[in-house]
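I have a structure here, written as structure tokens, and I will follow up with some questions on it.
The values are calculated or read from the model by the stated rules, or taken from the named source; none is laboratory data. It should be emphasised that the depicted structure is a prediction, and the values quoted were computed from it without experimental measurement. Please note: Cβ atoms are built from the backbone with ideal geometry, for glycine as well, and neighbour counts cover all protein chains shown. What goes into the accessible areas is simple: the full protein's heavy atoms, side chains included, and nothing from ligands, DNA or RNA. Shrake-Rupley method; radii C 1.70, N 1.55, O 1.52, S 1.80 Å.
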Amino acid sequence: QVRLVESGGGLVQAGGSLRLSCLASGSIFSINAMAWYRRAPGKQRELVASITTDGNTNYADSVKGRFTISRDNAKNTVYLQMNSLKPEDTAVYYCRIVVASLLYWGQGTQVTVSS
């Protein structure tokens, strides 16, 4: 059983920063890809950023230059540093990991950016 716990969400003013963390625990030998998704009100879930085991990253165009994804393999943790936040970044953010070809999702953390 794999469990993901996200933290770091909250309310921030436009232009501010937040850092999300996602800690994986349980029956984990190694984690393959890790990623952050988000779902804004009335919209479909979208990929925000992903990172491979080698550290290769990929970002949605809307967050390039503002968000940075990173991972600490020793701690089974993935981070999302979010800078220059905009009201349109308001969403529930979910982490997702791949372990032995299986996908696992966190419960989500709310990020609200006020204008």
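Applying the Karplus parametrisation 6.51 cos²θ - 1.76 cosθ + 1.60 with θ = phi - 60° to the phi angles of region 33-40, what ³J(HN,Hα) value in whole Hz is obtained for each residue in order, glycine and proline being reported as x?
5, 10, 7, 10, 10, 8, 10, 8
Then there's this: Would you mind working out the accessible area per residue for the chain, using a 1.4 Å probe, and quoting it in Å²?
Roughly 54 Å² per residue, with all protein chains present.
Among DSSP beta bridges lying fully in the chain, give the percent that are antiparallel, nearest 5.
90 percent
Under a crude label model (7 Å from the Cα following the beta-carbon direction), how far is ASN83 from ASN32 in nanometres?
Once both label points are built, they end up 3.2 nm from each other.
List, in order, the whole-Hz ³J(HN,Hα) value for each residue of region 62-73 obtained from phi through the Karplus relation with A = 6.51, B = -1.76, C = 1.60 and θ = phi - 60°; use x for Gly and Pro.
Each residue's phi maps through the Karplus curve to give 5, 10, 4, x, 10, 10, 9, 9, 8, 9, 10, 5 Hz.
May I pose another question? Taking the Cβ of LEU23 as the centre, find all other residues whose Cβ is under 12 Å away and add up their charges (Lys, Arg: +1; Asp, Glu: -1).
In short, +1.
Carbon and sulfur: what percent of region 25-67's accessible surface (1.4 Å probe)?
44 percent
Sort PHE67, PHE29 from largest to smallest accessible area, using a 1.4 Å probe on the heavy atoms of the protein chains.
So the residues, ranked largest to smallest area, are PHE29, PHE67.
What size of dipole, in debye to the nearest 20, comes out for the chain about its Cα centre when the only charges are +1 on Lys and Arg C-beta atoms and -1 on Asp and Glu C-beta atoms?
Around 120 debye, computed over the chain.
Step through the residues of region 99-115 one at a time and calculate ³J(HN,Hα) from phi using the Karplus curve (6.51 cos²θ - 1.76 cosθ + 1.60, θ = phi - 60°), rounding each to whole Hz and writing x for Gly and Pro.
With coefficients 6.51, -1.76 and 1.60, one gets 10, 6, 6, 9, 9, 10, 10, x, 7, x, 9, 7, 10, 10, 10, 8, 8 Hz.
Let me ask you something else. So for the chain, averaging the separation of alpha carbon pairs under 8 Å that are six or more residues apart and normalising by length, what relative contact order in percent results?
Once divided by the residue count of the chain, the mean separation gives 36 percent.
Most mobile of ALA100, ALA60, ALA24 per a Gaussian network model of the chain (Cα springs, under 10 Å)?
Looking only at ALA100, ALA60, ALA24, the biggest GNM fluctuation is shown by ALA100.
Placing +1 at every Lys and Arg Cβ and -1 at every Asp and Glu Cβ, with all other atoms neutral, what dipole size does region 1-49 have around its Cα centre, in debye to the nearest 20?
That gives region 1-49 a dipole magnitude of about 120 debye.
If we count every other residue with Cβ under 11 angstrom of MET82's Cβ, Lys/Arg +1 and Asp/Glu -1, where does the sum land?
Residues near MET82 contribute +3 overall.
Using 0.36 nm per residue of separation minus the Cα-Cα distance, give me the extension gain between GLN13 and ALA74 in nm, one decimal.
Full-extension gain reported as 18.7 nm.
Students often forget the sequence filter, so: which lysines lie under 26 Å Cα-Cα from LYS75 once same-chain residues fewer than 8 apart are removed?
LYS64
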